[in-house]
Every structure is written in structure tokens, then in C-alpha cells.
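The structure appears below as C-alpha cells.
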Amino acid sequence: MKLKIDHKSSVPLHIQVEGLIRQMISLSEYQNGKLLPNEVDLSRKLGISRNTLRQATNRLVFEGLLLRKKGYGTVVSYPVDSKAKNWLSFTQEMKSKGIEVKNYSTKLSWVVPPDDVLLFFGIDGKVKLLKMERVRGDVKNPFVFFISYFNPKIGLTGEEDFNRPLYEILEQDYSVVAKVSKEEITSVAADAALAELLGIHTGDPILKRKRFVYDPGRRPIEFNVGYYKSNSIVYTVESERD
């Protein structure tokens, strides 16, 4: 495979490098465990800085496609992927269970997010993004607190009517389609702030779900974290083998 990027292109170098590495790691030799070229050699060959190369590989490490082994090198990782189909938004999930959704509070702000959020969006530097915090539940009580950050390239202003389903807004108003979702699920203890929002006790167990949402071209559009009361949700995954 020829390793070359276009230094005259309007496409940022780190995006070009990311695409190049995605092609590399699809090759059988790397799928079978061959180490990727080390950073010094690869950055020299491409005529870029190591920081630019690291920006591209960080994204792939974040997605779980690459694994850095200290003192060894970088290889293709083998994440467990259930290939779950037809994932749903929160509103769709609740509707499928016959639950009417109620928004108890919505807060919008422009903030510099944590570094992992900036990394997910491939943003180099401190940039303010639209942050949405929502307490949601059924008509009887709240049971989930969501925090969402959005890719600034979408063009959201914060003036949208977020009583409408989020992905409906993105698709109908901004022509952005939420296609792919990757999730991380853990159990954590509620701190005082979460306990107050959800009407539970500090230290009570809650389900924390991170959701990374992409468009059909695998461009990141939303970084979402949800905190659920442990007795409010049964998480079901339907998988299909190829």
C-alpha cells in the first residue's frame, strides 16, 4: 500500500492521515497482528509532525480500532461488536414500551467540554461546544439525566425546540442523519448532584451509558452520557450473526 497524503489539499492533514490508517488496518497483514509503522518513521515518511499523526491515531484508539501496547507498538484491536441493529433514541425506546416521555428540565450552554469529548470530535484545542443537559422520565417521575455535546459543524444554535425528538431536529432541520451508535455501559454510585436530580439517595447504584453517535459516513455528531435509575431500565441487545 502506497503511503502518501496531499499537502496541498484543503482537507486537514490529520483527517487525511486518519483515512490512510483506516485503509492500512483493513489489510490482512495488520488484521493478523502486524505492528503499524512506528510514529517516527511514519510521520517522516508522510512529511507531517508526530502531533498530527498522534491526533489521527488517537481517534482510532478512542473508537477501539487500535491498541497501543507500551514498549511494544500499535496494533489493530479486536473489540467485541454485537452488530446490534435498529438502535433507538430515548424517545423511541420509551414509545416502544408504551411510556409517555416527560422532560423535567432542559439546560443549554456553550462550554469547553472535557478532553475526551474534543478527542471524539477530532477537535484540536479548546473550543466551546453546545451542551445540553436534560432530566427526563415518565409522567410520574424522572429517571434519567442526559448530557449531550454536539459537533459544531452541524450548526445547532441552542435556539431549537428540543421538545421535539433530537434526531428529528438533526435530520429535518440540518440534514444530519444519526446512523451508527457505539455504547459503553457501566454501573456507578450516584453523587449528591445526581441523587438530587433523580430523586434518589447519594450512593445509590445507577446505570451510566455513554453513546457515541455517527452519521452514515462515520462522522461524529453527538457525544451523549445518560445516568439511569437502576430500577428504571432493562437493557436489551438483539444481535445478529453474519
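So how do 7, 14 line up by other beta-carbon neighbours within 10 Å, fewest first?
7, 14
Skipping prolines and chain starts, which residues have an amide H placed within reach, meaning under 5 Å, of the one on residue 179, given they are 5 or more residues away or on another chain?
214, 215
Rank 147, 200, 221 by mean-square fluctuation in a GNM of the chain with C-alpha springs under 10 angstrom and give only the top-ranked residue.
With Cα springs under 10 Å in the chain, the top fluctuation among 147, 200, 221 is at 200.
Search the structure for amide H atoms under 5 Å from the amide H of residue 66, placed 1.01 Å from N in the peptide plane, and list their residues when 5 or more places away or on another chain.
Residues meeting the criterion, in which the H sits 1.01 Å from N, are 61, 77.
Dividing the convex hull volume of the alpha carbon atoms of the range 90-229 by its residue count, what do you get in Å³ per residue?
Considering the Cα atoms of the range 90-229, their hull volume per residue is 116 Å³.
The chain: longest stretch without exposed trypsin sites (Lys or Arg not before Pro) (DSSP loop, at most 13 other Cβ within 10 Å), sites themselves excluded?
Excluding the exposed sites themselves, the longest stretch runs over 141-217.
Gaussian network model of the chain, Cα springs within a sub-10 Å range: biggest mean-square fluctuation belongs to which of 207, 46, 170?
So, out of 207, 46, 170, the one fluctuating most is 46.
Among the GluC sites (Glu not before Pro) in the range 91-157, which ones are in a DSSP loop with at most 13 other Cβ atoms within 10 Å of the Cβ? Mind listing them?
100
Cross-link list 126/208; 128/182; 107/179; 4/131; 45/153; 2/210: which exceed 28 angstrom alpha carbon to alpha carbon?
Pairs exceeding the cut-off: 4/131; 45/153; 2/210.
³J(HN,Hα) across the range 140-151 via Karplus (A = 6.51, B = -1.76, C = 1.60, θ = phi - 60°), whole Hz, x for Gly/Pro?
Result, ordered by residue: 8, 6, x, 9, 8, 10, 10, 10, 10, 10, 10, 4 Hz.
Going by C-beta contacts inside 10 Å, put 176, 111 in order with the fewest on the left.
111, 176
Pull up all non-local amide H partners of residue 102: gap of 5 or more, or a different chain, and H-to-H distance under 5 Å with H placed in the peptide plane.
Distant-sequence amide H within range of residue 102: 137, 138.
Using the membrane-span-like helix rule (whole DSSP H runs, Cα extent along the own axis of at least 15 Å, mean Kyte-Doolittle hydropathy at least 0.0), which helices of the chain qualify?
Helix filter hits for the chain: 13-25.
Could you work out how far apart the two model spin labels at residue 97 and residue 159 are, taking each label as a point 7 Å from the Cα in the direction of the beta carbon, and quote it in nm?
3.6 nm
Here, each number is a calculation from the coordinates, and none is a lab measurement. The model shown is predicted, which means the values in this text are computed figures rather than measured ones. We place every Cβ from the backbone using ideal geometry, glycine too, and count neighbours over all the protein chains shown.
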